[in-house]
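Before any comments, here is the structure.
The values are calculated or read from the model by the stated rules, or taken from the named source; none is laboratory data. Treat the numbers as computed from the prediction; the structure is a model and nothing was measured. With ideal geometry, Cβ positions are generated from the backbone for all residues, glycine too; neighbour counts draw on all protein chains shown. Ligands, DNA and RNA are stripped out before the accessible areas are found, and what is left, the full protein with its side chains, is counted by its heavy atoms. Shrake-Rupley method; radii C 1.70, N 1.55, O 1.52, S 1.80 Å.
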Amino acid sequence: MKPAIEVHQLTRTFGRIKAVDRVAFDVYPGEVFGFLGPNGAGKTTTVRMLTGVIDPSDGTAVIQGHDIRRAPLRSRAHIAVVPEEANVYLDLTVWQNIMLMAELHGIPRRQRTGKADQLLDALGIADRKKQKARMLSKGLRQRLMLCAALVTDPEIIFLDEPTSGLDVESARLMRQIVADLNKDGLTVFLTTHNMTEAGDMCARVAIINSGRIAAIDTPENLRAAISSRQYVEVAFSMDLPDQDQLETITGVFEMKPALRRFTLYTDTPGQVAAEVVRWADQKGHQIAGISIHKPSLEDVYLHFTRTRRAGGSQ
Amino acid sequence: MTVQTNAASWHRQFHCALAILKKNIRLYYLKPPVLIFGILFPVFFFLAFKMGRPIAAEDVVPGMVAMALWFTASAVGPLVTPWERNARTYERLIASPVSIHSILAGDVMSGLIFGTCLSVVPVLIGSLLTDTVIESLPLLIAGIILGALNFATLGVLLASPPASAPSNIMLLSNLVRLPLLFVSGIFVPLEQMPAWARWAAPVSPLSYATVLIRTAYGHEAFFPVWLSLFMLVFFAMVFFWVSCVFHNMWRARAL
């Protein structure tokens, strides 16, 4: 399958600082691709290069077959951007904001009005159509941004922290709309700090750190890649066991106590859980609960960003 | 095929420029303070220059028209890009499939229309309240339209430095516009000005617009009409080209 976005050795320097360093990845049509990284890692710079806001210092990217350096207008014709900060025109009405974006993308009048009405309904802001954007709350402005992006009928949408700072209802609606559109074939490039959101929504994620891609794979594979961060969580109901004894159980290489609960890190969680039960039975400790956990995407993220930072500081 | 593709692309970019024009008019030009400033400013300048001085009103009218055009056509252009950078809407514009040329063409067209429309006010004041006679309406129209085009393009050029605070650009804009006002034959005809001012006059596009307007009102002019027409077109093209280069070079700065 031909990628919707092909990124080749994309590099951007600001003076002596290399904000993005030879980044390379592909995003496939119909995929929700997560782009994760700490502040200052190069996420925004990468997205700005892909969306034509800034030029790369080196390397390039191809969007729907159009090179962003050789054919920037054609590559931008296939994308829509929803930035983190809902930068709508505050003194234009909701309708005027949407129409402006549609006109800039060359959407014919009949098509843009019909589509805009449909989107306003779907996003629950049809009754605000004639209101100035200034009158909208942050959540409603973000919905307006999504509406203005989708009216252009994009094949790829760049979402930068789409649910950051939104109320629960607005965040859920945004996620639902994006998921529905993705089912219809829309390619989604999602930049987020929200690991749960990334884990739930993304088919693949890339973790960028210090301007370089630290890891890129499906969330499941990334979790599996750091099997050492699997853990057994055990809670005791009465007498607490000696922590040192728990740590001596075969296969446990790190233990973290918290009140009556202990977290035992291991790469053989099944064996360790069985061993803990046997050991508790022998010692007369009563287990209130025991569970096995795979590493979360947050663990994966911290693993790759911290490893890199530790490596970089050496 | 290539010609057709190019034509389609030009056609699309022209429509984008019109969309930018519409946005600018709605957001920046149709604001009551801007309109009131555009109408009142030249009137007060006229009164300040005329009252208490032994000058015939007819001699002041061409200068008032040129000055009104200068201030209205170049008033908002320098501020559009800094305002948009400040409001973070500029990033959306440059991420859309619109060329920098089209964005700037839209900005220039809005200044051109605003300047041209508001220059009707001093022309009417001159015609209704004084004995001024327009001897060549086509030349007056050409002077106003070419002048407005020129000054709007200058405004867009002044907007190119990467400043997100509009006040910085306002300062730069006034540093450029106010001195030129005094070497362009607005208040005193160029032939009566000192030698240094006559040397400086050719580098000011306002001088050429003033020549056309003064000639249209039957006054003698320092430069020939043909040269003024040529220079206004030349300045507009140079300003626009340099604006495109600068805006493109600095588009990501101050975001």
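Could you list which residues have their amide H under 5 Å from that of A:Gln230, counting only those 5 or more apart in sequence or on another chain, with H placed in the peptide plane?
A:Thr266
Provide the convex hull volume over Cα atoms per residue for the protein assembly as shown, in Å³.
Per-residue hull volume (Cα only) is 204 Å³.
Sorting check: for B:194-204, B:107-117, which peptide has the highest mean count of neighbouring beta carbons within 10 Å, and how do the rest follow?
On the way: B:194-204: 14.5, B:107-117: 24.2.
Descending mean neighbour count gives B:107-117, B:194-204.
Whose amide H sits under 5 Å from the amide H of A:Arg204, counting only residues 5 or more places off or on another chain, with H placed in the peptide plane?
Amide H neighbours of A:Arg204, under 5 Å, 5+ apart: A:Val32, A:Gly34.
From the phi of every residue in segment A:136-151, what ³J(HN,Hα) in whole Hz does the Karplus formula 6.51 cos²θ - 1.76 cosθ + 1.60 yield, where θ is phi - 60° and glycine or proline is x?
Per-residue couplings from phi come out as 8, 6, 4, x, 6, 5, 5, 5, 4, 4, 5, 4, 5, 6, 6, 5 Hz.
Straight-line reach only, C-alpha to C-alpha below 30 angstrom: list the lysines that B:Lys22 could link to, leaving out same-chain residues fewer than 8 apart.
Hits, sequence-local ones excluded: A:Lys115, A:Lys129, A:Lys130, A:Lys132, A:Lys138, B:Lys31.
When the convex hull of the Cα atoms of segment B:17-254 is projected onto a plane and the area is averaged over all directions, what value comes out in nm²?
Values: hull surface 50.3 nm².
For the Cα atoms of segment B:17-254, the hull's average projected area reads 12.6 nm².
Relative contact order, percent, of chain A when contacts are C-alpha pairs under 8 Å separated by at least 6 residues?
Details: 576 pairs, mean separation 60.3, N = 314.
Relative contact order of chain A: 19 percent.
Using a 1.4 Å probe on the protein heavy atoms, what percent of the accessible area of chain B belongs to carbon and sulfur? Please report the intermediate quantities before stating the final value.
On the way: 8300 of 11240 Å².
C and S fraction of accessible area: 74 percent.
Nearest 100 Å² is fine: what is the total accessible surface buried where chains B and A meet, probe 1.4 Å?
In total, chains B and A hide about 2500 Å² from solvent.
Could you work out, residue by residue across B:95-105, how many beta carbons of other chains sit within 10 Å of that residue's beta carbon, and then give the average as an integer? Before the final figure, lay out the partial values.
On the way: counts 13, 15, 13, 7, 3, 0, 0, 2, 1, 0, 0.
Shielding by partners across B:95-105 averages 5.
What number does chain A give for Rg over Rh if you use C-alpha atoms and the Kirkwood radius? Could you put the intermediate results ahead of the total?
Working: Rg = 23.9 Å, Rh = 22.0 Å.
Reported Rg/Rh, Kirkwood definition of Rh: 1.09.
Let me check against my output: what whole-number percent is the relative contact order of segment B:17-254, with C-alpha pairs under 8 Å and at least 6 apart? The partial results should precede the final answer.
On the way: 350 pairs, mean separation 61.7, N = 238.
26 percent.
Can I get the semi-axes of segment A:34-168's equivalent ellipsoid? Compute them from the C-alpha gyration tensor as square roots of 5 times the eigenvalues, in angstrom, largest first. Display every interim value, and only then the final one.
Values: eigenvalues 143, 74, 25 Å².
Result for segment A:34-168: semi-axes of 27, 19, 11 Å.
For segment A:200-314, what is the convex hull volume of its Cα atoms per residue in Å³?
Working: hull volume 13.8 nm³, N = 115.
Convex hull of Cα atoms, per residue: 120 Å³.
With N set to the residue count of segment B:180-233, report its C-alpha Rg divided by 2.2 N^0.38 Å to two decimal places. If you can, show how the numbers build up before the last one.
Details: Rg = 9.9 Å, N = 54, 2.2 N^0.38 = 10.0 Å.
Taking N as the residue count of segment B:180-233, the ratio is 0.98.
Over the whole of B:21-32, what's the average partner chain Cβ count within 10 Å per residue? Rounded to a whole number, please.
2
Give a residue-ordered list of calculated ³J(HN,Hα) values for segment A:239-252 (Karplus: 6.51 cos²θ - 1.76 cosθ + 1.60, θ = phi - 60°; whole Hz; x for Gly, Pro).
Using θ = phi - 60°, the values come out as 5, 7, x, 6, 4, 4, 5, 4, 5, 7, 4, 4, x, 8 Hz.
Highest GNM mean-square fluctuation, chain A, Cα pairs closer than 10 Å: which of A:Met255, A:Met238, A:Met135?
It is A:Met238.
Averaged over A:93-101, how many beta carbons belonging to a partner chain fall within 10 Å of each residue's beta carbon? Can you show the working numbers first?
On the way: counts 1, 0, 0, 4, 3, 0, 3, 10, 4.
Average per residue, whole number: 3.
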